[in-house]
Amino acid sequence: MKIETRKIEQAKEFAEKLMEKMTLTEKVGQLSQFGNSIYGGVESFFEDHYPEGKVGSYLSIHGAQKLNGVQKRLMEETPNHIPALFAYDVIHGFKTTFPTPLTQSFSWDPWYVAKESAKVAAKEAYAAGIRWTFAPMVDISRDPRWGRIMEGYGEDTYLTSEFSAATVEGFQGDEIGAEDTLLACAKHFVTYGACIGGRDYNSVDMSLQTLLDVYVPPFKAAFDAGCFTCMPAFNDFNGVPCTCNKYLLQDVLRKELGFKGVTISDAGAIAELVPHNVCANIKEAVELAFNAGIDIIMAFDPYNDNIPALVEEGKIDIKDVDAAVERVLVLKFLAGIFEKPFVDEKKQECFFSPEHRRVSREVAKRCPVLLKNDNGILPIDENKKILLVGPIGDDPKAILGGWAGPCEPAQTITVLAGLENRFGKENVTFSMGCSIEGSEEDNENIKKAADAVSEADIVVFAVGEHSGMAGEANSRSDISLPGMQEKLIEAVAEASKQKGVPCVAMIFSGRPLTIFSWRDKVDAILFAGQLGTEGGNAIADIISGDYNPSGRLSCSIPCSEGQIPCYYNSLNTGRPALGKWVFESKYRDLQIEPAYAFGYGLSYTTFEYTDLKLSKDKMSQDPDDYISVSVDVKNTGDRAGEEVVQLYIRDMIGSRARPMKELKGFDKIMLAPGEKKTVEFTLKNSDLAFTDWNMNKVTEPGNFTVMISKNAAESVLFASFKVE
Ligand code: GLC
């Protein structure tokens, strides 16, 4: 929800009056954030800084009683009694954990799944005294080796932009600063997900056109939804670190996107300008970062220690300090903490409430992607003897995923518990089979699991990564199942084959994994991601058929690491792999298509698409001119289910080659058996625009193809139109 101009003006007036009473030291204190989580630091509140007002905000401390105590002392002991903002990485839940953002994006249902998850997360975090979250993370990623793909919404700009806006609205509610809401923060500005080699924190080098057309739009979506803070990324962009990159922080963020809010560095990112080799010491780093546009330093004293001297030396303009301090005070005003600096400790009774658990389960079941279901093995009938095999089966933490905040794994409904709840303890046997990352007992346990097949009607694997294998600083060069899990699948699937017992594999991971080598050994595969506190119940809802799986991939699943970067909206090249002659863009040893395409996902029912219609076949150059697109979709199966109807376009000829496909619309619809609905999209002239060679945003005249698709690899209906 865009913040009303009137409200911002009111906040500015308040800030200006307050600043008249503030010393330079106190002003810089408002630009300084403290906290305990930077590199595992112990918890301390820097009370010795209070008399000079050197603490403006905190990160990673929480708890109503603790924060009320810190706030009370800080306001009493600081010169102008300015309350601190308490921030936390509330990424996908605070106590009640929701699916990770990547898992949420498999739902293709941002306005329910992401928004409702963020709303509950905000309510629980607010109860603990938090007012500001460092989320949503809206970094596009085309590289599943990168661990932080887990925190974003996949490879596509349009889909990520929708999730970005929905998450901001979920956190901030209808009015910024209202009770039970959080200030959002769009991060990491920008291109962090394109780190070379998928290696976290590594350099990024790309064209400005790709920057502006692929990586920037999800930030615009967050700001248009009312997000008022932004965190630049650790990486260098074309050699200049984002933390001191004036082109990014001034030309793009402030001018191009019109961002009026507060920027905050990432943890330690200012000091890291020294190892980035763009300056010699912390004082130069502070000068570079502040002058590029970093308002708040995360964390500790480099601003307190250096900005007064840099102002004195004329290297930082006091006007810029005042502008930054005003933005921070406006932010605090919008957060409502001048009126309500404390929180009612009783509010923490909402943690893990039945309603919060219900929402967590409802959103979680909408995420898993059914990749394979040979012979309709799924759903599993009642009274079948299920053998659950795999190290994720009874793991209460892996299913929560990384960045799970002050979660409580003991509250998790594990996969085992979920299956027992749904099918009855007497029908579920569990055999771990092996550990997640490998241990001496694995071979023996794999044998035990294979032997247990004899008593089963169906084998269900729960395999994948533990919660610390994705997320920050967790890039993997090999993204196959870790440890001996592939051997476990092979051994148990072989035993099952001998006994004619079908197998289902459920993958719980923070990233897409390469499963090409074993996928033919099982009858069905569910890519479940990391589902959160109610994950076991949610996955049981799906494999029992109580809920028909409706997830679709938001990121391509590569056959192997050798295909990475692997994404659907690539260019055709001059030698597309058509199999016509040897000199084509291909690999000798592997297909070029991913194992599973962006947008892919099966259902327990089937759908038919007919009657694609365009309202007209010509569009003018008026940015608001548009074409209405409609298509009929019918459920041709015997079970109700949801279909994600996907609209892609292709600009057939451009002054710069255009992607073979670009997602420009999607709609998730529920259809009863036999039911048909008409789905409508609006394609505006401005939706077709791209950044040309001369850096102009243009919609060029020419022919366009519309593709109504089940996924990026399966377009079913085509039409064309012309831009004049
Ligand atoms: C981390 C992350 C950032 C997070 C911050 C505070 O290093 O890069 O996403 O918000 O530190 O925890």
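The values are calculated or read from the model by the stated rules, or taken from the named source; none is laboratory data. Because the structure is a prediction, the values reported are computed rather than measured. We place every Cβ from the backbone using ideal geometry, glycine too, and count neighbours over all the protein chains shown. Note: areas computed on protein heavy atoms with side chains; ligands, DNA, RNA excluded. Shrake-Rupley method; radii C 1.70, N 1.55, O 1.52, S 1.80 Å.
The test for being in a loop (DSSP other than H, G, I, E, B) and not charged (D, E, K, R) holds for Gly654. Of the residues making up segment 421-432, those that are open to solvent by 40 Å² or more (accessible area, probe 1.4 Å) and assigned to a helix (DSSP H, G or I) number 4. Checked against the criterion of being crowded, with 23+ Cβ neighbours inside 10 Å and farther than 20 Å from Ala712 by Cα, the candidates Asn548, Asn537 yield just one match: Asn537. The numbered conditions (1) closer than 18 Å to Leu370 by Cβ; (2) out of contact with any helix residue (DSSP H, G or I) (no Cβ under 9 Å at 6 or more places or on another chain); (3) open to solvent by less than 70 Å² (accessible area, probe 1.4 Å) are all true for Phe666 except (2).
Residues are listed down the side, and each one gets a yes or a no for (1) more than 16 Å from the ligand (Cβ to nearest atom); (2) at pLDDT below 95:
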site: Glu4; (1), (2): yes, yes
site: Ile38; (1), (2): no, yes
site: Ser57; (1), (2): no, no
site: Leu67; (1), (2): yes, no
site: Thr97; (1), (2): yes, no
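Only one of these is outside any loop (DSSP other than H, G, I, E, B), small (Gly, Ala, Ser) and at pLDDT 95 or above: Gly551, Gly599, Gly574, Gly562. Name it. Before the answer, list the steps.
On the way: Gly551 fails: outside any loop (DSSP other than H, G, I, E, B); Gly599 fails: outside any loop (DSSP other than H, G, I, E, B); Gly574 fails: outside any loop (DSSP other than H, G, I, E, B).
Residue meeting the stated conditions: Gly562.
Scanning segment 275-286 for residues that are of a type outside the set (Lys, Arg), closer than 25 Å to Glu52 by Cβ and either open to solvent by 50 Å² or more (accessible area, probe 1.4 Å) or at pLDDT below 95 (or both) gives Asn281, Ile282, Glu284. Take the conditions (1) part of a loop (DSSP other than H, G, I, E, B); (2) in contact (Cβ under 8 Å) with a residue 60 or more places away in the chain; Ser585 misses just one of them, which is (2).
Checked against the criterion of being at positive phi and surrounded by fewer than 15 Cβ atoms within 10 Å (Cβ to Cβ), segment 362-374 contains not a single residue that satisfies it.
For segment 145-161, which residues satisfy the criterion of being open to solvent by less than 10 Å² (accessible area, probe 1.4 Å) and either within 16 Å of the ligand (Cβ to nearest atom) or out of contact with any strand residue (DSSP E or B) (no Cβ under 8 Å at 6 or more places or on another chain) (or both)?
The first filter runs over segment 145-161 and keeps only residues open to solvent by less than 10 Å² (accessible area, probe 1.4 Å), leaving 146-156, 159-160.
Selection gives Trp146, Gly147, Arg148, Ile149, Met150, Glu151, Gly152, Tyr153, Gly154, Glu155, Thr160.
Contact annotation: residue pairs with Cβ atoms under 7 Å, 6 or more positions apart or on different chains, pairing a residue in segment 257-277 that is closer than 23 Å to Leu331 by Cβ and among the hydrophobic types (A, V, I, L, M, F, W, C) with a partner that is open to solvent by 20 Å² or more (accessible area, probe 1.4 Å) and more than 13 Å from the ligand (Cβ to nearest atom), are Leu257/Lys220; Val262/Arg327; Ile270/Pro302. Just one of the listed residues (Glu256, Glu272) is open to solvent by 20 Å² or more (accessible area, probe 1.4 Å), of a type in the set (Asp, Glu), closer than 23 Å to Gly35 by Cα and over 19 Å from the mean Cα position of the chain (by Cα), and it is Glu272. For segment 484-513, filtering for residues that are touching a strand residue (DSSP E or B) at 6+ places or on another chain (Cβ under 6 Å) and either within 26 Å of Thr96 (Cα to Cα) or aromatic (Phe, Trp, Tyr) (or both) leaves 5.
Matching residues to (1) touching a residue at least 12 places away in the same chain (Cβ under 8 Å); (2) open to solvent by 30 Å² or more (accessible area, probe 1.4 Å); (3) not in a loop (DSSP other than H, G, I, E, B):
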residue: Asp381; (1), (2), (3): no, yes, no
residue: Leu387; (1), (2), (3): yes, no, yes
residue: Ile392; (1), (2), (3): yes, no, no
residue: Gly405; (1), (2), (3): yes, yes, no
residue: Ile413; (1), (2), (3): yes, yes, no
residue: Cys434; (1), (2), (3): yes, no, no
residue: Ile446; (1), (2), (3): yes, no, yes
residue: Val453; (1), (2), (3): yes, no, yes
residue: Phe461; (1), (2), (3): yes, no, yes
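Within the option set Glu77, Glu20, Glu116, being under 35 Å from the mean Cα position of the chain (by Cα), away from the ligand (no atom under 16 Å from the Cβ) and open to solvent by 30 Å² or more (accessible area, probe 1.4 Å) holds for one residue only, Glu116. Looking across segment 514-529 at every residue that is in contact with a strand residue (DSSP E or B) (Cβ under 6 Å, 6 or more places away or on another chain) and either at positive phi or in a loop (DSSP other than H, G, I, E, B) (or both), the one that is surrounded by the most Cβ atoms within 10 Å (Cβ to Cβ) is identified as Ala528. Taking (1) touching a residue at least 60 places away in the same chain (Cβ under 8 Å); (2) buried (at least 24 other Cβ atoms within 10 Å of the Cβ); (3) over 16 Å from the mean Cα position of the chain (by Cα); (4) under 17 Å from Val343 (Cα atoms) in turn, Phe86 satisfies each apart from (1).
Taken as a whole, the condition of being outside any strand (DSSP E or B), farther than 25 Å from Phe690 by Cα, open to solvent by 10 Å² or more (accessible area, probe 1.4 Å) and not polar (S, T, N, Q) does not apply to Glu124. Please work out which residue is farthest from the ligand (Cβ to nearest atom), limiting yourself to segment 196-218 and to residues that are touching a strand residue (DSSP E or B) at 6+ places or on another chain (Cβ under 7 Å) and in contact (Cβ under 8 Å) with a residue 60 or more places away in the chain. This residue is Gln209. State whether one or more residues within segment 672-685 are more than 30 Å from Ser544 (Cβ to Cβ) and part of a helix (DSSP H, G or I). Yes, because at least one residue in segment 672-685 is more than 30 Å from Ser544 (Cβ to Cβ) and part of a helix (DSSP H, G or I).
Among the residues of segment 586-606, none is identified as of a type in the set (D, E, K, R) and under 14 Å from Pro368 (Cα atoms).
A quick yes/no check of all residues on (1) open to solvent by 50 Å² or more (accessible area, probe 1.4 Å); (2) within 21 Å of His81 (Cβ to Cβ); (3) not small (Gly, Ala, Ser):
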| position | (1), (2), (3) |
| --- | --- |
| Ile296 | no, yes, yes |
| Lys315 | yes, no, yes |
| Ile318 | yes, no, yes |
| Leu329 | no, yes, yes |
| Ile337 | no, yes, yes |
| Gln348 | yes, no, yes |
| His356 | no, no, yes |
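Quick check: anything in segment 631-651 under 33 Å from the mean Cα position of the chain (by Cα) and either exposed (fewer than 13 other Cβ atoms within 10 Å of the Cβ) or over 19 Å from Lys710 (Cβ atoms) (or both)? Looking for residues that are under 33 Å from the mean Cα position of the chain (by Cα) and either exposed (fewer than 13 other Cβ atoms within 10 Å of the Cβ) or over 19 Å from Lys710 (Cβ atoms) (or both), one finds at least one in segment 631-651, hence yes. Checked against (1) within 17 Å of the chain's Cα centre (by Cα); (2) charged (D, E, K, R); (3) over 24 Å from Gly599 (Cα atoms), Asp205 passes all but a single condition, namely (1).
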